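As structure tokens, the structure follows; a few thoughts come after it.
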There are 2 protein chains.
Amino acid sequence: MAARRLVVIGGDAAGMSAASQARRRDADLEIIVYERGEHVSYAACGMPYLVGGQVSGPERLIARRPEQFARQNIQVFTGHEVTAIDTEAREVTVAARGGDAFVQPYDELLIATGAREVFPEIPGRDAAGVFALRGLASGIAMWEFVNERAPQHAVVIGGGYIGLEVSEALRLRGIDTALVHRRAEVMSTLDPDMGVLATQALRDIGVTLHLNESPQALVQWEGHVSGVVLSKETLSAELVVFGTGARPVSELAARAGILLGAQGAIRVDETMRTAIPHVWAAGDCAETLDGVSGRPVWAPLGTVANKMGRVAGLNLTGGQATFPGVVGTAITKVGDTEIARTGLRERDCRELSIDHACTTIEDRTRAGYYPGATQITVKLCAEKGSGRLLGAQIVGGPGSGKRIDTVAACLTARLTVQDLVDMDLAYAPPFSPVWDPVQTAARVLLSAV
Amino acid sequence: MAARRLVVIGGDAAGMSAASQARRRDADLEIIVYERGEHVSYAACGMPYLVGGQVSGPERLIARRPEQFARQNIQVFTGHEVTAIDTEAREVTVAARGGDAFVQPYDELLIATGAREVFPEIPGRDAAGVFALRGLASGIAMWEFVNERAPQHAVVIGGGYIGLEVSEALRLRGIDTALVHRRAEVMSTLDPDMGVLATQALRDIGVTLHLNESPQALVQWEGHVSGVVLSKETLSAELVVFGTGARPVSELAARAGILLGAQGAIRVDETMRTAIPHVWAAGDCAETLDGVSGRPVWAPLGTVANKMGRVAGLNLTGGQATFPGVVGTAITKVGDTEIARTGLRERDCRELSIDHACTTIEDRTRAGYYPGATQITVKLCAEKGSGRLLGAQIVGGPGSGKRIDTVAACLTARLTVQDLVDMDLAYAPPFSPVWDPVQTAARVLLSAV
């Protein structure tokens, strides 16, 4: 009997995690990975820090190269785009760059095509000097542009994670940076009252903010971008970066008749199976479950992609693993300000018609008398009646952000506000006030639930 | 009807938390606090940092003064020692410093007498220059001694939390510091393999270690300590600090016929009631429950004392609060090395005859390519079969220690190793590798449970 063959479409976090896991469990499986781009297994989340200069070069972001996978007997083909899937015949059509298309049969297929950036439909987007961070090649291109062209003025469009991280990176490179965002405060993954603090953090590192604004067009000069037209003014910019959101790359799957789910991501169950036999999906192209709301959700994050890939790799080699989903945890920083969230925002609670209470407290990251104590703001939401914790948002100085993990654990276990008040969290003056700030928030919230 | 009267014995964390909570809930209650020492409501855990110079003066460690409590109509009497409790007559005998003893009736009595340092029985302990950190007066005395006498050589006896923190403090003051400890590695609250890392952290800040050693005697010269005699040598020292453990101050309660429990601490239920009506106990003098082993335990920590005090204050004013206990979380640091633990050690699992597995992993605190990533070692233990998490120990660079809270939350909720692997913890390169180190430990442990 010939060896079974696994074909993986997409060679980043989910695809390569799955391939490695599958190889570990099954030495005989033939494993072929087709990657449209030039790089596999890289740290996409590290690209802002490459641009910012904290990371010395792109090679540091590459976890493993195709030849390293080859030693594991995983065949990686970069520059190979899968253009069609035939789930009946169990084969994919592959277009090799500079070569002929060919058909590759599979026994098991993993779709790990990731996500792509969404751009607003404005003129001038194709000018030189216009970037989005999605795929390592785009990060390298932006890094080289900053190194070689030494732009003086940059405009970042979009105030989400990528917008904030790129803004910080550009400020670290000494570039005058303006950020354009369509709302009154950045980070719409936070409630507005917490988004205000993230907005202030951008001001603190010298980013000029243009809020409640959208770009109308990009101005070009000899093919290079030279400005961004807003409603009442034009901002000079030799560098423009879009961080205007992303969407799952699921068209290939959809064309093959594979069911899509939340926000157009490929529908999978908790084993990473799609609705079609022998077809799996994982990573930024696939949906998952939000454990707090119980709803399908699209959560395109590196950590989730790694987990999904691992579970897919276990199961498509006969394992029994499940990925139960996310609770909505994310973190970033702007300068010394750490920004983190998990679970439902106040806005989500309203939209889901959950009878809820939220409270926001200000505290210190360390004992007040200990050097380096800085401000931390914690917003905590819970269900009335049951007291079940629903979500948290944290903005504060060094040591603030990872406190979100305590709440993420509470959400996973469906603990209550009282459970958090009672919890035996670590205290010593260099680390926390006697009551950890998340517990102080819980104490205040107790009387409201 | 005359107002009911609450008498509190002991004016630190537990006693004053209870008094404040009781006042908030009952404006009419008469509240009297007797404190044997000179200070109430101070941050005992901050004393090493006063000695080390990170805290500018003792006043910064005092949260609230007696006159501030007076404004809340809480009467605080310092220099007043309760010498007897008559639980039948419901009255205490009080000896005022420099005054006559008197009898004070109570309706409710809270015993919050704290803990005291335990010293080895060796000659010379009463010499000038010999200290233990227990009570703010001792911290101030040691701080003044270091400021005024500028000792060149110090010996710290005992390698627990206080021993480590005082050693760091003395090194920060430029004092040659030797630490004497009876085992081969410090921090017996960790397993030996993790204690080794804490031991190395002491060496890294220049502390000279004398392990597997016990002091035989202290050498005096004109009433001042001048050395510590070990088995084969004598260490010069103008300053000697004992950090040789503590025990609950429960003799007063025992003499009154109040039942004692774990390690001689006063037995209380989860409402903070003792076995005798109208007598409550909280803080370092009282026992609590270990939620992982299910056994009574003595957990003399500021954070626990505050929680117990709050629950006592709620209940002795008619509330229905409970304190479910601890999971054994603690944290400290030596230089840049953070040391934390929660739950059961491998040694505890063996002693409790739990079928267990433990794993230890080395990882980085941040993405490997991000500046400032330092080493973190995580040891994780779980029950075989069920996979239930039992405990964790963490030693590592900045950002390591508070990760213990994630495991503490898991222990509280009785989650499994698989739950931790699946958990949605916060990831971004400045904060963590893609898999948080505690999850990496969990992934390795999975195959062993």
Run B:ALA408 past the list (1) part of a helix (DSSP H, G or I); (2) out of contact with any helix residue (DSSP H, G or I) (no Cβ under 6 Å at 6 or more places or on another chain); (3) more than 7 Å from every other protein chain (Cβ to nearest Cβ) and report the number of the one that doesn't hold.
-> (3)
For the range A:367-377, indicate whether the set of residues that are in a strand (DSSP E or B), touching a Ser or Thr at 6+ places or on another chain (Cβ under 8 Å) and more than 14 Å from chain B (Cβ to nearest Cβ) is non-empty.
-> yes
Before we move on, is A:LEU314 under 30 Å from A:VAL7 (Cα atoms) and either more than 7 Å from every other protein chain (Cβ to nearest Cβ) or modelled with pLDDT of 95 or more (or both)?
-> yes
The range A:338-366, residues that are part of a strand (DSSP E or B), in contact with a Cys (Cβ under 6 Å, 6 or more places away or on another chain) and touching a residue at least 60 places away in the same chain (Cβ under 8 Å) = A:CYS358
Across (1) in a helix (DSSP H, G or I); (2) touching a residue at least 60 places away in the same chain (Cβ under 8 Å); (3) buried (at least 22 other Cβ atoms within 10 Å of the Cβ); (4) not small (Gly, Ala, Ser), B:GLN393 clears everything bar (1)
Residue by residue through the range A:97-120, note down the ones that are part of a loop (DSSP other than H, G, I, E, B), among the β-branched types (Val, Ile, Thr) and within 17 Å of A:ILE32 (Cα to Cα).
-> A:THR113
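Quick grid of which residues meet (1) more than 26 Å from A:PRO58 (Cα to Cα); (2) small (Gly, Ala, Ser); (3) touching a strand residue (DSSP E or B) at 6+ places or on another chain (Cβ under 7 Å); (4) in the same structural domain as B:PRO192 (by TED's automatic domain parsing):
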position	(1), (2), (3), (4)
B:GLY343	yes, yes, yes, no
B:ARG347	yes, no, no, no
B:ALA357	yes, yes, yes, no
B:THR360	yes, no, yes, no
B:ASP363	no, no, yes, no
B:ALA382	yes, yes, yes, no
Expected output for the range A:282-304 (first residue farther than 25 Å from B:PRO430 by Cα and more than 14 Å from every other protein chain (Cβ to nearest Cβ), partner part of a loop (DSSP other than H, G, I, E, B) and among the acidic types (Asp, Glu), Cβ below 8 Å, 6+ apart or cross-chain) is A:PRO296/A:GLU287
Is at least one residue of the range B:222-234 in contact with an Asp or Glu (Cβ under 6 Å, 6 or more places away or on another chain), outside any loop (DSSP other than H, G, I, E, B), modelled with pLDDT of 95 or more and over 29 Å from B:CYS381 (Cα atoms)?
-> no
All but one of (1) in contact with a helix residue (DSSP H, G or I) (Cβ under 7 Å, 6 or more places away or on another chain); (2) at the interface with chain B (Cβ under 7 Å from one of its Cβ atoms) hold for A:PRO430; which doesn't?
-> (1)
Kindly indicate whether A:ALA357 is more than 23 Å from B:ARG64 (Cα to Cα), at pLDDT 95 or above and either within 10 Å of chain B (Cβ to nearest Cβ) or surrounded by fewer than 24 Cβ atoms within 10 Å (Cβ to Cβ) (or both).
-> yes
When you go through (1) surrounded by fewer than 17 Cβ atoms within 10 Å (Cβ to Cβ); (2) under 18 Å from A:ILE339 (Cα atoms); (3) among the β-branched types (Val, Ile, Thr) one by one for A:THR271, which number turns out not to apply?
-> (2)
Hey, among A:GLY385, A:GLY397, which residue is more than 25 Å from A:SER293 (Cα to Cα), more than 7 Å from chain B (Cβ to nearest Cβ) and among the small types (Gly, Ala, Ser)?
-> A:GLY397
Criterion violated by B:GLY318 - all others in (1) surrounded by fewer than 20 Cβ atoms within 10 Å (Cβ to Cβ); (2) under 21 Å from the mean Cα position of the chain (by Cα); (3) in contact (Cβ under 8 Å) with a residue 60 or more places away in the chain satisfied = (2)
Are any residues in the range A:400-449 under 31 Å from the mean Cα position of the chain (by Cα), hydrophobic (A, V, I, L, M, F, W, C) and surrounded by fewer than 24 Cβ atoms within 10 Å (Cβ to Cβ), and if so, which ones?
-> A:ALA413, A:LEU415, A:VAL421, A:PHE431
Does the range B:137-149 include one or more residues that are under 11 Å from B:LEU239 (Cβ atoms), among the charged types (D, E, K, R) and not in a loop (DSSP other than H, G, I, E, B)?
-> yes
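The values are calculated or read from the model by the stated rules, or taken from the named source; none is laboratory data. If you're wondering where the values come from, they're calculated on a predicted model, not measured in any experiment. Note: ideal-geometry Cβ built from the backbone for every residue, glycine included; neighbour counts use all protein chains shown.
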